[in-house]
Structures are given as C-alpha cells and as structure tokens.
Amino acid sequence: MCIPCATLEASSRQVHEGSDARPFRSSWHPRRQTRKDADLPRQSVRRNAYGEQPLTRNLEALSPERVLEDTRHGQPVLNEDALPPNLRYHPSTYNEYLASVYALWNVLDRSAASLDNKNTWLYGYMRKVQLEAYSKLVWKNNTTRVYCEIGMNAGHGTLAMLLANPRLQVHTFDLMAWKYSEPHAKLIRVMYPKQFHIYKGDSQKTVRKFQADVESGKTKPCDVLLIDGDHSAAGAAADLRNFAKVAACNNVLLMDDINDGPGQALDDATNSGLVLDVKKREYEEGNEDNPCVRVHHSTATKSSQKFGKQRSYFR
C-alpha cells in the first residue's frame, strides 16, 4: 500500500520505504578521440542510473579555472567541448533556468503564430506563477523521475518541465489538433529524444494504453501529473480516474482551470476519496498573476473569468 505524502512541497517529499527509486549519478560522454589527441589517455564512458549515456558532460569535465572564471563574472557556463548531439548548456541556477525558459517561449510563440495565427488558444499556456509552482517540483529533484501531462497545446509547459530536469521522463497525451502541434512536438523531441514521449489521440484511450506499460513494468509510474485537457466535467473526471491508475506513490497532482468543468470533477474526486489534500489557488480578474489568455490582437477581448489551479495527490 502506498504511503501518502505528509506535505506537497517538493523540497520535503520523501520516497516511500521500499521504493525502487535510484539516484542520478553525475556522468558525461567523452570527446571523440581524434588524431590530434591520440596520445592522450582514453576516457571511459560512464552511464547514469538507468544505464544510458548522458546527453551532456558534467561540469567536472570543464577546466576548474574556466568554471571559476565564468561564475566569478556571473556568466552561465557553456561546455564548448561538447559535441553534437550533446547539449552545450544546462542552467545551473534557477534564475538561469527561468531566463532559458523565457527565451525558448519566444521561439515557440513565433513558431506557433507563423503556423496558426488564427487560433485563439495560441497563447493559452501556463502563466509565470504556474511555471514557478510546477517547475520547482522537478528542479534538481533526483527522486522525481516521471512527469505525465494531459494537454500540451504549443508545448510551453512541456519544454519548461524538461528544461528544469533534463533527466526527467515526460509522457504527454494530446489530441495534436492544432497546426503547430506536430512541428512543436518534433522540436521538443529533437532537444530531448530520450526523455520526451508523445501519445497522440483521445487521452481517455491513450492513457489506458499507457497504463498497460506501467503495469507490465515497461514504464515507470508518474510522480507528477498535470490534467489540462478536456474541460468538461465528465471529460476531466475520466482523466482523473485514468491518471489515478498510473500515479506513483507520493505523487503530486496538478489541475488547471478549476473554475470550469475540471473544478466540479475535482470536487467529486475529493469527496469520493480518490484525491487527497487539495490546495486550491484562485486568481480573480485584475490580479497580476491572472493576465487572462493572450490572443491574437484582432480577436482580443477582456475576460471577466477567473482561473484556478490546484495541487493535490491521488490516494
């Protein structure tokens, strides 16, 4: 039987006794040996806890003098020894992380607008307050290994979670209905080929197939789960029931737009005991954390609707 979390703060979440959680080890991929350095000692390949070769070299592989020089001047550290497809940069501080996310969001904004500028949900992604709440659940967290989400839209939240923890496994369930859906999924897969997994179609069907992989041990259950798909009460209730079957012990459940149908589904799930320890955050119109959904200038309207998000966990 799973032992529920005593608190939902990521900093104090503990893996239940008997868990098979494995800490991530620092690892790097050696430079490909060239004729120029053929006389140098050959470096061995170290693997992470999952037996995979990492995508980046650890900062230990950089010259200590170079790291000290960069950090002394407040500059992010760029690993110029990394060869493709290894990434040359990973944020080392949370402020660096936020700046990286904002820069990538600019790319997604422009890309989505160029592909489908008439879609009114073009900028309907997570707000800053949501980004900070969600990302801190996985930022440099070695016990949170799997993030599952229903609803990707343009991929802003998906990419933010992957950037917060490059060792995180992300399973995304989305209809892929927009013109930018496939191109953006492809872009995210290029950046995180071994961490990002997309399941196209109705989440009420695709999550059930995913459940079979979890039950067989092929895939790890979800430590953090986000439901932001079907906004009807019935649809959100179905997503809650299905996600409960793939949730890990000590899981954290995130749910958006609880002012709408998902809120009713959440209340019903809480009353039935399926969801525990609900903490709601609601933001009225005019609140600085509720700028409303940004839409194309020709269709922009003022919204009087409040939005909400909640954090809880499955029994």
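If you check Arg167, Arg145, Arg189, which single one turns out to be over 12 Å from the mean Cα position of the chain (by Cα) and outside the structural domain of Asn86 (by TED's automatic domain parsing)?
Going through Arg167, Arg145, Arg189 in turn, just one is over 12 Å from the mean Cα position of the chain (by Cα) and outside the structural domain of Asn86 (by TED's automatic domain parsing): Arg189.
Has the range 248-271 got any residue that is surrounded by fewer than 16 Cβ atoms within 10 Å (Cβ to Cβ) and under 18 Å from the mean Cα position of the chain (by Cα)?
no
Do the conditions hold for Ile227, that is, is it buried (at least 22 other Cβ atoms within 10 Å of the Cβ) and of a type in the set (Val, Ile, Thr)?
Values: buried (at least 22 other Cβ atoms within 10 Å of the Cβ): yes; of a type in the set (Val, Ile, Thr): yes.
It is true that Ile227 is buried (at least 22 other Cβ atoms within 10 Å of the Cβ) and of a type in the set (Val, Ile, Thr).
Could you please let me know if Val278 is free of Cβ contacts under 8 Å to residues at least 60 places away in the same chain, more than 23 Å from Ala164 (Cα to Cα), outside any helix (DSSP H, G or I) and touching a helix residue (DSSP H, G or I) at 6+ places or on another chain (Cβ under 9 Å)?
yes
Can you tell me which residue is surrounded by the most Cβ atoms within 10 Å (Cβ to Cβ) among those in the range 182-219 that are in contact with a Cys (Cβ under 9 Å, 6 or more places away or on another chain) and among the β-branched types (Val, Ile, Thr)?
Among those that are in contact with a Cys (Cβ under 9 Å, 6 or more places away or on another chain) and among the β-branched types (Val, Ile, Thr), it is Val207.
Just to be sure, is Ser312 loosely packed, with under 15 Cβ neighbours inside 10 Å and either at pLDDT below 95 or hydroxyl-bearing (Ser, Thr, Tyr) (or both)? Steps first, answer last, please.
On the way: loosely packed, with under 15 Cβ neighbours inside 10 Å: no; either at pLDDT below 95 or hydroxyl-bearing (Ser, Thr, Tyr) (or both): yes.
Taking the combined requirement at face value, the residue does not satisfy it.
Enumerate the strands (runs of 3 or more DSSP E) found wholly within the range 145-209, keeping only those where 2 or more residues are touching a residue at least 60 places away in the same chain (Cβ under 8 Å).
By residue number, 146-150.
The values are calculated or read from the model by the stated rules, or taken from the named source; none is laboratory data. Here the structure is a predicted model, which means the values were calculated and not measured. All Cβ positions, glycine included, derive from the backbone under ideal geometry; neighbour counts span all protein chains shown.
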